[in-house]
Amino acid sequence: MINVGNDWQPLFDIEQNKPYYLELRRFLKAEYSTKTVYPPMGEIFRAFVLTGFKDTKVVIVGQDPYHEPGQAMGLSFSVREDIQEPPSLQNIHAEIEAEGVGGGPWSSDLTRWARQGVLLLNSTLTVVAHRAASHAGKGWETFTDNAIMALGDDDRPKVFMLWGSYARSKKALIHNTHHLILESAHPSPLSAYRGFFGNGHFKACNDFLARTGQTPIAW
């Protein structure tokens with residue numbers, strides 16, 4: 001059983017005993033033992049480990065991990081510094097620079113965001129090498145949807161950044177009006193010019209955090 005070492009543990013304890021999760025666990029054991037699966041098993045829940053429930057101020061929802069060697073590290077949109085920066089992340093960086101809210105030297109490793117309270121959450125937490133969305137529909141969405149609902153039900157004001165139609169579908173899980181929901185096109189090169197560039201999300205996020213007595217994010 002997974003122990004994340006922080007206040008996400010109650011949710012993990014509940015979910016890990018449900019039939020869907022037990023089936024997902026069996027599926028993952030078989031997949032990891034017979035195929036190349038990303039991220040490494042020890043990094044599957046890295047987003048939760050780095051960003052506790054009560055520490056979460058911002059949620060950035062991705063769809064599934066990067067599926068090429070060395071890319072996935074358990075945080076949506078993030079890659080380590082020795083890995084070529086994916087186009088979506090390049091566009092995120094460009095938007096941050098355009099908004100004038102950069103928080104120091106840029107790094108493709110977004111661990112620094114996670115440690116400031118940004119939950120970098122993919123909806124599906126694993127993927128087979130070279131096969132995008134190959135673990136979709138296996139149970140991960142139930143787990144991560146329940147995490148999003150728990151955050152949405154919490155009264156501490158949060159910012160949910162929902163980029164692209166898939167992420168925007170998660171708006172239905174967030175009912176508490178204390179939160180700020182920011183929606184736009186996805187930062188992918190296929191859609192960034194259709195509403196991601198110029199969305200002002202990073203500044204809007206920090207303005208909201210400041211208004212609600214929270215420390216803005218050093219992007």
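The values are calculated or read from the model by the stated rules, or taken from the named source; none is laboratory data. Not measured: the values here are computed from a predicted model. Because the Cβ atoms are built from the backbone with ideal geometry, glycine has one as well, and the counts that use them run over all protein chains shown. SASA here: full protein model, heavy atoms, side chains in, ligands and nucleic acids out. Shrake-Rupley method; radii C 1.70, N 1.55, O 1.52, S 1.80 Å.
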>> Within region 1-68, considering only helices (runs of 4 or more DSSP H) that don't extend past its boundaries, which have at least 1 residues that are in contact with a strand residue (DSSP E or B) (Cβ under 8 Å, 6 or more places away or on another chain) and surrounded by 15 or more Cβ atoms within 10 Å (Cβ to Cβ)?
In response: 19-34, 46-50
>> Take the conditions at pLDDT 95 or above, open to solvent by less than 30 Å² (accessible area, probe 1.4 Å) and not in a loop (DSSP other than H, G, I, E, B) and apply them to Ser88. Does it pass?
In response: yes
> So how many residues does region 118-133 have that are over 19 Å from Val49 (Cα atoms) and buried (at least 23 other Cβ atoms within 10 Å of the Cβ)?
Replying inline: 1
> Which pairs have Cβ atoms under 9 Å, sit 6 or more apart or on different chains, and link a residue in region 173-191 that is without any contact (Cβ under 8 Å) to a residue 60 or more places away in the chain and at negative phi to one that is in a strand (DSSP E or B) and surrounded by fewer than 18 Cβ atoms within 10 Å (Cβ to Cβ)?
Replying inline: Ile174/Ile181
> From the set of residues in region 205-219 that are under 13 Å from His179 (Cβ atoms) and more than 18 Å from the chain's Cα centre (by Cα), which is least open to solvent (accessible area, probe 1.4 Å)?
Replying inline: Leu209
>> Among the residues that make up region 167-188, is at least one of them touching a Gly at 6+ places or on another chain (Cβ under 8 Å), basic (Lys, Arg) and open to solvent by 60 Å² or more (accessible area, probe 1.4 Å)?
In response: no
>> Among the residues that make up region 94-109, is at least one of them within 18 Å of Val37 (Cβ to Cβ), open to solvent by 50 Å² or more (accessible area, probe 1.4 Å) and acidic (Asp, Glu)?
In response: no
> Which one of these is more than 20 Å from His201 (Cα to Cα) and either in contact with a His (Cβ under 8 Å, 6 or more places away or on another chain) or among the aromatic types (Phe, Trp, Tyr) (or both): Trp106, Trp163, Trp113, Trp140?
Replying inline: Trp140
